[in-house]
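S.K.: Please read through the structure below; I'll follow up with questions.
The values are calculated or read from the model by the stated rules, or taken from the named source; none is laboratory data. As the structure is a prediction and not an experimental result, all values here were calculated from the model. Every residue, glycine among them, receives a Cβ derived from its backbone with ideal geometry; neighbour counts consider all protein chains shown. Ligands, DNA and RNA are stripped out before the accessible areas are found, and what is left, the full protein with its side chains, is counted by its heavy atoms. Shrake-Rupley method; radii C 1.70, N 1.55, O 1.52, S 1.80 Å.
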Amino acid sequence: MAKPFYLTTTLPYVNADPHIGFALEIVQADILVRYRALLGDDVFFNTGTDEHGIKIYRKAEEAGKDTQAYVDEYAARFKMLKEKLNLYPELHFIRTTDAKHKAAAQLFWTRCFVSGDIYKKNYEVKYCVGCELEKTDSELENGRCPLHPLLDIETISEENYFFRFSKYQKSLLDLYARRPDFVVPDFRFNEIRAFVARGLEDFSISRLKSKMPWGVPVPDDDTQVMYVWFDALINYISTLDWPGDTKTFEKYWGIIDSPKALQLAGKDNLRQQSAMWQAMLISADLPSTRQIVIHGFITSEGKKMSKSTGNVIDPYVIVDEYGADALRLFLARHIHPFEDSDFTMDKFKAAYNADLANGLGNLSARILTLAEANLEKEVEVSDGEFPKEFTDALDKYDYNTAADYVWKLIGELDKELTDTKPFAVVKEDAEKGKAMIASMVTRLYAIARVLQPIMPATSDAIKAAVLANKKPTNLFPRKD
């Protein structure tokens with residue numbers, strides 16, 4: 001029986017077009033999902049869009065658009081990532097404006113309220129609209145949020161509902177102690193443990209509807225809407241049709257003593273995913289996440305990407321010129337799984353020519369040209385198990401090492417082709433030359449097989465060419 005495997009990304013805000021940072025997260029997720037599906041697992045892959053909150057409401061106002069029409073337009077652009085990045089065909093896409101999500105969020109709220117963890121109070125707090133998070137003075141640099149230094153910190157003063165986060169310090173520390181691999185990498189786990197150990201403050205989970213009408217209505221109080229983070233986090237289970245479909249929920253999310261869900265998120269989401277969300281789940285008497293993997297940021301020429309500095313990289317533009325697999329490979333092989341990494345078009349083009357045009361593409365063309373000219377029939381091949389070095393890397397979310405392993409195989413085969421010269425041998429000793437060519441074709445097929453989770457279209461193209469015993473069209477034309 002196939003083993004259930006659930007993976008979700010975060011949901012990006014729909015206040016801007018998809019950027020390379022989210023492309024990194026969704027590609028990392030897709031590699032894992034495809035890998036687990038190829039192992040025979042029964043996968044559930046979730047992504048979507050976060051569509052509520054003051055930031056989006058204001059953006060729609062600035063654009064002179066109805067808020068729902070505004071989020072519909074942006075959600076469609078994010079949904080296009082499935083096609084543009086050649087994502088897993090059975091990908092689930094949830095929107096926080098979906099009726100089933102809003103109903104799930106309201107029931108989740110009610111469960112936390114019944115647990116005694118939601119209460120109302122007047123408060124005043126500093127707030128970063130960019131993060132949609134309350135900020136303490138210690139989190140600010142020169143009075144501004146370090147993640148959104150161009151935005152003014154605002155002061156919110158009103159009566160809202162709060163979640164009793166402070167109640168869950170011990171529960172969270174106990175969870176972390178029971179699960180030493182709960183957050184990957186270790187240094188991010190250390191960060192969140194230290195944050196929780198310092199003590200927790202209750203956080204606001206609603207806004208006055210009169211000031212910010214764009215949100216999920218709070219149950220039994222039509223003057224308030226849910227705070228964007230409280231609402232959005234619940235997508236991870238509303239996508240499973242919780243609470244209605246208990247069977248699907250337990251199959252993929254798990255039960256209290258046996259959680260199953262894997263979450264991917266950026267480092268700016270560490271607190272929300274591994275502390276706030278987990279406390280909310282405990283309050284609602286639901287299983288925790290099984291594991292959370294945190295990636296770093298993509299910078300450009302050492303600077304954080306932003307529209308104001310003009311260094312934002314559009315993944316759609318890259319895909320349109322170079323193809324989805326070229327971008328997927330760069331993100332897997334040349335962007336660190338956990339640390340911040342720099343992305344420039346010069347670096348991308350250099351890697352494209354080295355890895356693909358002069359590397360895999362050239363090798364495939366040379367071997368399959370020889371096969372087409374010298375082999376009377378296709379070589380017998382089969383899809384065997386993945387090599388241990390490759391599976392060990394992906395099991396540790398080390399996409400760099402997994403991709404490097406494939407390119408080690410490519411380099412070895414390329415060297416053998418150059419050194420042994422089967423194109424010359426076949427002229428002097430036909431049978432020996434053909435045997436050498438057939439062996440290389442078999443190894444090329446094995447490379448394509450291992451490449452499947454990272455570059456699915458390229459893998460399919462090489463495998464099809466091997467089975468047809470024909471040279472493929474130019475896989476990766478050189479770019480000057």
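S.K.: Quick one: how many residues across segment 316-332 are in contact with a Ser or Thr (Cβ under 9 Å, 6 or more places away or on another chain) and either surrounded by fewer than 20 Cβ atoms within 10 Å (Cβ to Cβ) or part of a loop (DSSP other than H, G, I, E, B) (or both)?
M.R.: Selection size over segment 316-332: 1.
S.K.: Next question, about the same structure. If residue 347 meets every condition in (1) open to solvent by less than 40 Å² (accessible area, probe 1.4 Å); (2) of a type outside the set (Gly, Ala, Ser); (3) within 27 Å of the chain's Cα centre (by Cα); (4) at pLDDT 95 or above apart from one, which number is that one?
M.R.: (1)
S.K.: If you scan segment 344-365, which residues turn out to be touching a Ser or Thr at 6+ places or on another chain (Cβ under 8 Å) and part of a helix (DSSP H, G or I)?
M.R.: Within segment 344-365, 360 is the sole residue that qualifies.
S.K.: Any chance segment 256-265 includes a residue that's touching a Pro at 6+ places or on another chain (Cβ under 6 Å), β-branched (Val, Ile, Thr) and over 29 Å from residue 215 (Cα atoms)?
M.R.: yes
S.K.: In segment 427-458, what count of residues is obtained for those that are open to solvent by less than 20 Å² (accessible area, probe 1.4 Å) and more than 26 Å from residue 354 (Cα to Cα)?
M.R.: 1
S.K.: Would you pick out the residues in segment 402-439 that are under 17 Å from residue 379 (Cα atoms) and in contact (Cβ under 8 Å) with a residue 60 or more places away in the chain?
M.R.: 434, 437, 438
S.K.: A further question follows. Which is under 22 Å from residue 331 (Cα atoms), in contact (Cβ under 8 Å) with a residue 12 or more places away in the chain and not acidic (Asp, Glu), of 107, 38?
M.R.: Result: 38 is the single residue among 107, 38 that is under 22 Å from residue 331 (Cα atoms), in contact (Cβ under 8 Å) with a residue 12 or more places away in the chain and not acidic (Asp, Glu).
S.K.: Just need a number here: residues in segment 20-47 that are small (Gly, Ala, Ser) and surrounded by 21 or more Cβ atoms within 10 Å (Cβ to Cβ).
M.R.: Adding up the residues that qualify gives 3.
S.K.: Would you check which residues across segment 213-264 are farther than 18 Å from residue 15 by Cβ and small (Gly, Ala, Ser) and list them?
M.R.: Selection gives 238, 244, 254, 258, 261.
S.K.: Do we have any residue at all in segment 295-311 that's buried (at least 23 other Cβ atoms within 10 Å of the Cβ), in contact with a Lys or Arg (Cβ under 9 Å, 6 or more places away or on another chain), farther than 30 Å from residue 361 by Cα and touching a residue at least 60 places away in the same chain (Cβ under 8 Å)?
M.R.: no
S.K.: Still on this structure: It is to be established whether one or more residues within segment 371-378 are acidic (Asp, Glu), without any contact (Cβ under 8 Å) to a residue 40 or more places away in the chain and either touching a Lys or Arg at 6+ places or on another chain (Cβ under 9 Å) or closer than 30 Å to residue 422 by Cα (or both).
M.R.: yes
S.K.: Take the residues in segment 196-213 that are assigned to a loop (DSSP other than H, G, I, E, B), more than 20 Å from residue 170 (Cα to Cα) and open to solvent by less than 40 Å² (accessible area, probe 1.4 Å), then tell me which one is modelled with the lowest pLDDT.
M.R.: This residue is 212.
S.K.: I'd like the residue in segment 158-168 that is open to solvent by 50 Å² or more (accessible area, probe 1.4 Å) and not in a strand (DSSP E or B) and, out of all such residues, is nearest to residue 54 (Cα to Cα).
M.R.: 164
S.K.: Any residue at all in segment 281-292 that is of a type in the set (D, E, K, R) and over 15 Å from residue 229 (Cβ atoms)?
M.R.: Yes - at least one qualifying residue is present in segment 281-292.
S.K.: For segment 147-190, give me the residue count where each residue is at pLDDT below 95 and of a type in the set (A, V, I, L, M).
M.R.: Residues in segment 147-190 being at pLDDT below 95 and of a type in the set (A, V, I, L, M): 5 in total.
Yes/no per residue for (1) among the polar types (S, T, N, Q); (2) touching a strand residue (DSSP E or B) at 6+ places or on another chain (Cβ under 8 Å):
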| site | (1), (2) |
| --- | --- |
| 88 | no, yes |
| 91 | no, yes |
| 100 | no, no |
| 104 | no, no |
| 110 | yes, no |
| 119 | no, yes |
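S.K.: Let me ask something else about it. May I ask you to say which residue of 294, 313, 335 is in contact with a helix residue (DSSP H, G or I) (Cβ under 8 Å, 6 or more places away or on another chain) and in a strand (DSSP E or B)?
M.R.: 294
S.K.: What residue, of 180, 219, is of a type outside the set (D, E, K, R) and touching a residue at least 12 places away in the same chain (Cβ under 8 Å)?
M.R.: Among 180, 219, only 219 is of a type outside the set (D, E, K, R) and touching a residue at least 12 places away in the same chain (Cβ under 8 Å).
S.K.: Does residue 171 meet the test of being closer than 25 Å to residue 8 by Cα and of a type in the set (Gly, Ala, Ser)?
M.R.: Criteria met by residue 171.
S.K.: For segment 172-192, how many residues are assigned to a helix (DSSP H, G or I), under 14 Å from residue 289 (Cβ atoms) and open to solvent by 30 Å² or more (accessible area, probe 1.4 Å)?
M.R.: 1
S.K.: Hey, can you tell me all the residues within segment 45-87 that are among the hydroxyl-bearing types (Ser, Thr, Tyr) and more than 18 Å from residue 235 (Cβ to Cβ)?
M.R.: Scanning segment 45-87 gives 57, 67, 70.
S.K.: Also: Looking at residue 461, is it under 29 Å from the mean Cα position of the chain (by Cα), open to solvent by 10 Å² or more (accessible area, probe 1.4 Å) and aliphatic (A, V, I, L, M)?
M.R.: Spelling it out, residue 461 is indeed under 29 Å from the mean Cα position of the chain (by Cα), open to solvent by 10 Å² or more (accessible area, probe 1.4 Å) and aliphatic (A, V, I, L, M).
S.K.: May I ask you to verify whether residue 339 is at pLDDT 95 or above, among the charged types (D, E, K, R), open to solvent by 10 Å² or more (accessible area, probe 1.4 Å) and over 30 Å from residue 430 (Cα atoms)?
M.R.: For residue 339, the condition - at pLDDT 95 or above, among the charged types (D, E, K, R), open to solvent by 10 Å² or more (accessible area, probe 1.4 Å) and over 30 Å from residue 430 (Cα atoms) - is met.
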